[in-house]
Amino acid sequence: MNHFTAYTPRPLEIIDSTLREGQQTSLLHDHQRYFFSREDKEEILRALILYGVKFVELFSPAVSARERADWAALRAVRDALITQKGYTFLLAHVRCHPHDVAAAIAAGADGLNVYIGTSAESRTFNHGHDLAGIVLRARALLEDVRRSHPQLVLRFSGEDAFRTSPADLFRVYDEIAPLVHRLGLPDTVGVATPASVAARVTALRTRYPVLELEGHFHNDRGLALVNALEAVKNGVRFCNTTVCGVGERSGITSLTSLLFNLHADRDYDRLEGYQLRGSYPINVLVADKLRMLVPSTEPVSLTNRTHTAGVHQSAVLRGAASYEAHPLDNFGVSESGILLGPLSGWNIIHYFLKEIRYFQLDEDTARQIARVFKERVYGIQPDESPEELLTAIAEREFGLVHAQLPLAASPIVQRLDSPLPGQVRRIATAKPPAERANVAAALQAFESQSNG
Ligand code: HCA
Ligand code: CU
């Protein structure tokens, strides 16, 4: 059965590249990991499939013996989820080289994401072929693959497309377009802007109206997200992402940030088939593999529901909508945090002592305690938390009695709650341990929720 001809593409097809581009992140090296283990990859692939991703890019099996061996394991993960979630296409990212193509086919790839540099920089420093040479090689390779393996899904990318002149890109793509399903448009070095993306996409769509386009945007200028949004809105159906945006240098468009923004823009059609509640869990899962917290720059992060300024805190206590404009719970960020510190006002201190720690105190005492706390907290020791300091002041200096009641679990102030014994003080980007443990459960919940 040819799965691809049987598949009707949705308005937006993510081609997630966490397991390819994502493994090129220097963050792995920063944390002495260097690569994802097979178990990491299996978990990430499973999470991506449950999240609703149908196209996953993997390294060419020619990269290393380990990558080659992992292909079989990842196909098994995919196969195990077919009944529940339908078919997921595993695409090999391959150089325009018969050796890579043969290895991908042997590994059981569903498709080939073929690339070769087309910019002057790429031609000079990467492979040394001129445009005619590129066309010659690519045509021969793709014609051969189509003849011998007609079931493969084929994409061709001129690497560094945004530093390739339109004339040069057309020179190559005109020859290749009849041979492939999609043409790629990678901003390899992160030079594109929303305006240049719109212009390029429009030009390609006009010239190749029947072909699908695939976007890939690097974040060197911090524009990977907005460029992807612009591409998608101009008619690019296939978009490359990675979880948390990790990738070469500063990475590419983050999977959940793209979907989150389409949601914010009410572009609901493009969200068809994605389990948005899995957004935060999948960010936590991959951040965990990188031994880091979900970056504070990720829109779908606990940081975006954590409040520190006194004015914000007291307003959020009355109504979270005051400083939380987005429905982050729908993206799996199921709790908010309020951090005690020098900016906290007396009312949050009153709330904490009364509602969370069950001290009997009136508002006036809370004001007095707040004055002491605000002074003392500047001299806090590294092994002490603001919550401990505040509790100590309340008990020792104000003689408040602490009723032995269970800890409250208010969804608003989870982060104010007592840390577990020996747990380090939480910082703004920290995720609650409960969330970590819940990742697997949350992802598994999609299994039962979604029926493919
Ligand atoms: C790479 C470069 C690449 C390829 C993208 C593509 C890029 O790491 O090999 O194949 O479309 O950014 O150009 O990721
Ligand atoms: Cu890239």
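The values are calculated or read from the model by the stated rules, or taken from the named source; none is laboratory data. If you're wondering where the values come from, they're calculated on a predicted model, not measured in any experiment. Note: ideal-geometry Cβ built from the backbone for every residue, glycine included; neighbour counts use all protein chains shown.
For region 26-64, a tally of residues being within 16 Å of ligand 2 (Cβ to nearest atom) and either at pLDDT 95 or above or under 16 Å from residue 107 (Cα atoms) (or both) returns 7.
Scan region 355-370 for residues that are surrounded by fewer than 18 Cβ atoms within 10 Å (Cβ to Cβ) and without any contact (Cβ under 8 Å) to a residue 24 or more places away in the chain and jot them down. The answer is 362, 363, 364, 367. Regarding region 123-132, can at least one residue be identified that is at pLDDT 95 or above, surrounded by 15 or more Cβ atoms within 10 Å (Cβ to Cβ) and either away from ligand 1 (no atom under 11 Å from the Cβ) or basic (Lys, Arg) (or both)? Within region 123-132, none of the residues are at pLDDT 95 or above, surrounded by 15 or more Cβ atoms within 10 Å (Cβ to Cβ) and either away from ligand 1 (no atom under 11 Å from the Cβ) or basic (Lys, Arg) (or both).
Residues considered: 264, 198. Of these, the only one that is over 22 Å from residue 55 (Cβ atoms), more than 16 Å from ligand 1 (Cβ to nearest atom) and in contact (Cβ under 8 Å) with a residue 40 or more places away in the chain is 264. Remark: pairs (first residue in region 21-39, over 14 Å from residue 287 (Cα atoms); second residue within 16 Å of ligand 1 (Cβ to nearest atom) and of a type in the set (Lys, Arg); Cβ separation under 9 Å; 6+ apart in sequence or on different chains) = 24/249. Of all residues in region 301-322, those that are β-branched (Val, Ile, Thr) and touching a Leu at 6+ places or on another chain (Cβ under 7 Å) total 2. The condition (being away from ligand 2 (no atom under 16 Å from the Cβ), aliphatic (A, V, I, L, M) and over 19 Å from residue 93 (Cα atoms)) is satisfied by just one residue among 191, 197, 232, 180: 232. Scan region 50-62 and give yes if some residue there is of a type in the set (S, T, N, Q), within 13 Å of ligand 1 (Cβ to nearest atom) and surrounded by 20 or more Cβ atoms within 10 Å (Cβ to Cβ), otherwise no. For region 50-62, residues of a type in the set (S, T, N, Q), within 13 Å of ligand 1 (Cβ to nearest atom) and surrounded by 20 or more Cβ atoms within 10 Å (Cβ to Cβ): present.
If a residue must be surrounded by fewer than 16 Cβ atoms within 10 Å (Cβ to Cβ) and among the polar types (S, T, N, Q), how many such residues does region 7-31 contain? First the steps, then the outcome.
So the first thing to find is which residues in region 7-31 are surrounded by fewer than 16 Cβ atoms within 10 Å (Cβ to Cβ), and the list is 7-9, 11, 26, 29-31.
Adding the requirement that they be among the polar types (S, T, N, Q) leaves 8, 26.
Residues flagged as surrounded by fewer than 16 Cβ atoms within 10 Å (Cβ to Cβ) and among the polar types (S, T, N, Q) within region 7-31 amount to 2.
Name the helices (runs of 4 or more DSSP H) wholly inside region 125-230 in which the number of residues that are over 20 Å from residue 22 (Cα atoms) and aromatic (Phe, Trp, Tyr) is 2 or more. Hits in region 125-230: 166-176.
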